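Shown next, in structure tokens, is the structure this report addresses.
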Amino acid sequence: DKNAPAVVFDHVCLTYAGAGSESLTDISFTAKHGETIGIIGGTGSGKSTLVSLIPRLYDAGVGSVSVMGTDVRTWPLDQLRHVVATVPQRASLVSGTIRSNLTWRDESATDEELWAALDMAQASEFVRNKPQGLDVPVEAGGKNFSGGQRQRLTIARALVGSPQILIMDDSASALDFKTDAALRHAIRERSMRGAAEGGLPLTTVIVSQRVSTVRDADMICVLDHGSVAGLGTHDELYATCQLYREICQSQLR
């Protein structure tokens, strides 16, 4: 349903099997198509757990998560994971070539689509500088590339196959601030272009510990031990959410 929001969390709680206490407690928020949602909080606050419910790596124990108006539990899994692309915290490349790594989500992707994804991920320059281009060999784990290059290739892979929802789970941490900003700008441009061409704009969910990465988001969700401590824009939260203000002050010093 194109009129329904991109993602809705409706009173979601989650307890891992064998864990005594809840990992997430009563999480509710809505992401509209084309919005960028930032998720910030300390280590162990539940950020990765929260976003893992969108592509159904786990299921909510209580409440529901919907994507484009449909409960994720009723989506066929392969379809859901085509619509929702996740960039994991750890860059994960497999042995082969850059091309074989990038076509993982969409085997029929054209070279043009692969270069567009590399451009957005700020990765095209170092790939173009290699004589084999897309056919550069990739060693197991991508160890013939630097950490930042691996991370950018992993981001490019998620962008192939035109996802509607892009989840970046702390996946810009190996990037310098300038590259991180350029990446977010490129994703926003692509989202606006998708809308202009009559499609749906790309919705982005960014998990980060860095205020600079989430401060321009349309909405920021501040997590504290699995609960929402604040929900709003950077300015709103800075004025009203003590935890967010503390995170900002500790980083901006």
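Using a 10 Å cut-off on Cβ atoms, rank the peptides 26-37, 114-125 from the highest mean neighbour count down.
114-125, 26-37
Show the residues, 5+ positions off or on another chain, whose built amide H is closer than 5 Å to the amide H of residue 205.
Sorted by chain and number, the residues that satisfy this are 37, 166, 167, 168.
If you count the DSSP beta bridges with both ends in segment 127-253, what percent of them are antiparallel, to the nearest 5?
Counting DSSP beta bridges with both partners in segment 127-253, the antiparallel share is about 50 percent.
Simple spin-label model, 7 Å along Cα-to-Cβ: residue 70 to residue 212 in nm?
Here the modelled spin labels are 4.1 nm apart.
Just the number please: accessible area per residue for the chain, 1.4 Å probe, all protein chains included, in Å².
Computed with neighbouring chains in place, this is 47 Å² per residue.
Enumerate the amide H contacts of residue 227 below 5 Å, restricted to partners 5 or more residues apart or on another chain; note that Pro and chain-start residues carry no placed amide H.
Here 25 satisfy the definition.
What does a probe at residue 246 reach in segment 195-239, counting residues whose amide N is under 12 Å from the point 7 Å along Cα→Cβ?
Correct set: 224-225.
For helix 242-252, report the angle its Cα long axis makes with the longest principal axis of the Cα atoms of the chain; keep it between 0 and 90° and round to the nearest 10°.
Roughly 40 degrees, rounded to the nearest 10.
Please check which bits of segment 191-212 a label hung off residue 2 would reach, taking the label as a point 7 Å along Cα-to-C-beta and the cut-off as backbone N under 20 Å.
191-204
Looking only at the chain, where both bridge partners belong to it, what percent of the DSSP beta bridges are antiparallel (to the nearest 5)?
Of all bridge pairs located within the chain, approximately 50 percent are antiparallel.
Show me, for segment 213-220, the HN-Hα J-couplings you get by feeding each phi into the Karplus relation (A = 6.51, B = -1.76, C = 1.60, θ = phi - 60°), rounded to Hz, glycine and proline as x.
Values, residue by residue: 6, 9, 5, 8, 5, 5, 8, 10 Hz.
Please turn the phi angles of segment 74-85 into ³J(HN,Hα) values with the Karplus equation 6.51 cos²θ - 1.76 cosθ + 1.60 (θ = phi - 60°), one per residue in order, whole Hz, x for glycine and proline.
Rounded to whole hertz, the list is 9, 6, x, 4, 5, 5, 4, 7, 8, 6, 10, 10.
With θ set to phi - 60°, apply the Karplus curve 6.51 cos²θ - 1.76 cosθ + 1.60 along segment 63-69 and write out the HN-Hα couplings as whole Hz, x wherever there is a Gly or Pro.
x, 8, 10, 10, 10, 6, x
Quick one: putting +1 on the C-beta of Lys and Arg, -1 on the C-beta of Asp and Glu, what dipole do you get for the chain around its Cα centre, in Debye to the nearest 20?
560
Between 21, 209, 91, whose Cα lies farthest towards the positive end of the dipole of the chain when Lys and Arg beta carbons carry +1 and Asp and Glu beta carbons carry -1, centred on the Cα centre?
91
Enumerate the amide H contacts of residue 220 below 5 Å, restricted to partners 5 or more residues apart or on another chain; note that Pro and chain-start residues carry no placed amide H.
38, 232, 233
Given R₀ = 35 Å, what would the calculated FRET efficiency be for residue 92 paired with residue 196, taking r from the Cβ atoms and rounding to 0.05?
0.60
Report, to the nearest whole %, how much of the accessible area of segment 1-140 belongs to carbon and sulfur atoms, 1.4 Å probe, protein only.
Percent of accessible area from carbon and sulfur atoms in segment 1-140: 50.
The values are calculated or read from the model by the stated rules, or taken from the named source; none is laboratory data. Here the structure is a predicted model, which is why all the values come from computation and not from measurement. Cβ coordinates were reconstructed from backbone atoms using ideal geometry, including for glycine residues, and neighbour counts include every protein chain displayed. Heavy atoms of the whole protein, side chains included, go into the accessibility calculation; ligands, DNA and RNA do not. Shrake-Rupley method; radii C 1.70, N 1.55, O 1.52, S 1.80 Å.
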